[in-house]
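We did not get these values from a lab; they are worked out from the coordinates using the rules stated. Bear in mind the structure is a predicted one, so any value in this text is a computation, not a measurement. We place every Cβ from the backbone using ideal geometry, glycine too, and count neighbours over all the protein chains shown.
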Amino acid sequence: MAILAETSSGLGAVGPLMFYIFALLVCISSWAIVLGRNIVRMAVYLLLTLGGSAGMYFMLEAEFLAAIQLIVYSGGTLILIIFGVMLTSKNPFAHLQVQLWEKIVAIGLALAIGGLVLFALVRTPHVINANQLMASSGYDQVHAIGQGLLSTQLVAFEVAGVLLLVVMVGAAYMARRRRNS
């Protein structure tokens, strides 16, 4: 709570409330993904989950992580999932049937991960000065990463974009070819 109060100082008393709203949104929408049977609705719940976690990153003043969360995951990955479902599935509104053993394994993994998270929360010191952590980095993180991507790493950045485009066009071509066969 101390780190949350210090990092959301620009929002005053509303900051922690907004953080908890984002956390509740992430929890509810992620459970809706797990319990959902319609794959298109599950993709919408995934968008809410990824957007809520980006909101939490913004509240913790991790602007670069929040921007990457929105651009890469909420934007790119979710669109690829939706295109993949729409192009390859005969019925995109098909209902998923989850077997009993899959539910048992999922619940077991969820309990194990939840236990590890609780263990980490109990063992973590509660008073952290976020301003000292941010000042110890010594440079503006977002500016430095942007400079690196658009100067020394420009070719790799553009190649990654072209590669993603080729993969999406290839998936559309394969799906169309399969339908015509």
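What's the extension gain from ALA112 to HIS143 if we count 0.36 nm per residue and subtract their Cα-Cα distance? Intermediate results must be reported in sequence, preceding the final value.
Values: separation 31, 0.36 × 31 = 11.16 nm, distance 3.83 nm.
Working it through step by step, the gained length comes to 7.3 nm.
With the simple spin-label model, which puts each label point 7 Å out from Cα in the Cβ direction, the MET168 to VAL44 separation comes to 2.2 nm. Peptides 158-168, 48-58, 24-34 ranked from most to least packed give 48-58, 24-34, 158-168, packing being the mean of other C-beta atoms within 10 angstrom over each peptide's residues.
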